[in-house]
1. Being over 18 Å from residue 196 (Cβ atoms) and open to solvent by 60 Å² or more (accessible area, probe 1.4 Å) is the filter here, so list the residues in segment 8-46 that pass it.
2. Kindly indicate whether residue 260 is in contact with a helix residue (DSSP H, G or I) (Cβ under 8 Å, 6 or more places away or on another chain), open to solvent by 10 Å² or more (accessible area, probe 1.4 Å) and within 18 Å of residue 165 (Cβ to Cβ).
3. Looking at segment 165-198 only, could you name the residues that are in a loop (DSSP other than H, G, I, E, B) and not aliphatic (A, V, I, L, M)?
4. Is it the case that residue 175 is open to solvent by 30 Å² or more (accessible area, probe 1.4 Å) and farther than 18 Å from residue 21 by Cβ?
5. Output the residue which, of all residues in segment 140-160 that are open to solvent by 10 Å² or more (accessible area, probe 1.4 Å) and in a helix (DSSP H, G or I), is nearest to residue 300 (Cα to Cα).
6. Quick one: count up the residues across segment 10-32 that are of a type outside the set (A, V, I, L, M), farther than 18 Å from residue 112 by Cα and either in contact with a His (Cβ under 7 Å, 6 or more places away or on another chain) or in contact (Cβ under 8 Å) with a residue 40 or more places away in the chain (or both).
7. Count, please, the residues in segment 47-58 that happen to be of a type in the set (Gly, Ala, Ser) and open to solvent by 10 Å² or more (accessible area, probe 1.4 Å).
8. Could you list, in sequence order, all residues of segment 59-116 that are among the charged types (D, E, K, R) and either open to solvent by 40 Å² or more (accessible area, probe 1.4 Å) or closer than 24 Å to residue 193 by Cβ (or both)?
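The values are calculated or read from the model by the stated rules, or taken from the named source; none is laboratory data. Note that the coordinates shown come from a computational prediction; the quantities given were computed from them, not determined experimentally. Don't worry about glycine lacking a Cβ; one is built from the backbone with ideal geometry, like all the others, and counts go over all protein chains shown. Side chains are part of the model used for accessible areas, which takes the heavy atoms of the whole protein and leaves out ligands, DNA and RNA. Shrake-Rupley method; radii C 1.70, N 1.55, O 1.52, S 1.80 Å.
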Amino acid sequence: MSVTDPHIKSEKRGALGLLTLDRPKALNALTHGMIAALADSLKAWAADDSVKAVAIRGEGDRAFCSGGDIRAVQQAIVAGTNKGADLLRDEYRMNALIGDYPKPYIAMIHGITMGGGAGVSIHGSHRLADGSLMFAMPETGIGFIPDVGSSYFLSRLPDRLGLYLGLTANSIGLGDATAAGLVTHAVARGDFDGVIAALAGGQTVEKAIAPFARKPEPGALAAHRRRIATIFAGSSVEAILERLDRDGSDFAIATAQTMRTRSPTSLKLVFRQLHEAEKLSLNQCLAMEFRLALRVLPGHDFREGVRAALVDKDRRPKWEPSSLAGVGDLAHFFAGLGGDELFGSSHACAER
């Protein structure tokens, strides 16, 4: 029996399997039910010879997908249940499925694309985006860590852009996302339907996209790429902040100010996480992120970050510890989980 969810539209159009995230009032944030339905369709289509490619899109004008349902995860933690961990386990396994998908996987992204929205798009073979794109991994702002396999792709972006994005939680637009390789093709959103029709008709992905691809305008970070590459090569979070302070440009001052509003513990974790990820496969990155998530979720900063951002919305989190100097040894966050590992000892970690 197939898994269904009212917020996932799953349909076959000719040679195309088409998925639509249909929760626009919640910015298409992923619930556990949506994650299960997506994974079920993807598994079925992987084995269906009549499906030549899969595409995913988001309903509504504001967002492709704003992330996972982080409030549900927080509520589960407060209630002392395993539902939050179970959601993340299934989500990360779905991310692995997308990363190793045997057919072309085309994400058509627009508007807000953050957190879990990156997990159902960036791991695909083709990422189409329009000019409304607002991409971010915002986790340090809520006392968490970039997850959904983002440590894999962030650690591989040029000019230390991944570390910049992971530490600051800043958003970028189409130009910067394309230049970084997060987006493979810039298109107008009105052309998504044309690409879908061509794919449904059996055209190859390259032929389906080619008539609609365009060159985006340079992004706001284009003028700062060399500065980011130099500054974010620092040997620690403290060293990066020192370099930003020494640089003294408006960009550096604003970047340092932003970083100093983020959870100090998250900043330290992300710095180590992304450096570790450089030598790991996607599945190994997901397994590392699962270990981190299970240790971070019950902590003070995650509860406080969600409160400040999503519950009370006062945007004034009180982090503990409040400074980088107060963050202790991080080794226990990265330690193995024994029988609770994401994939288990029998699961092969694909070297993507």
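1. Result: 25, 32, 43.
2. yes
3. Within segment 165-198, 170, 171, 173, 181, 184 qualify.
4. Judged against the criteria, residue 175 is not a match.
5. Here the answer is 142.
6. 3
7. Total satisfying the criteria: 2.
8. 59, 61, 62, 71, 83, 86, 89, 90, 93, 100, 103
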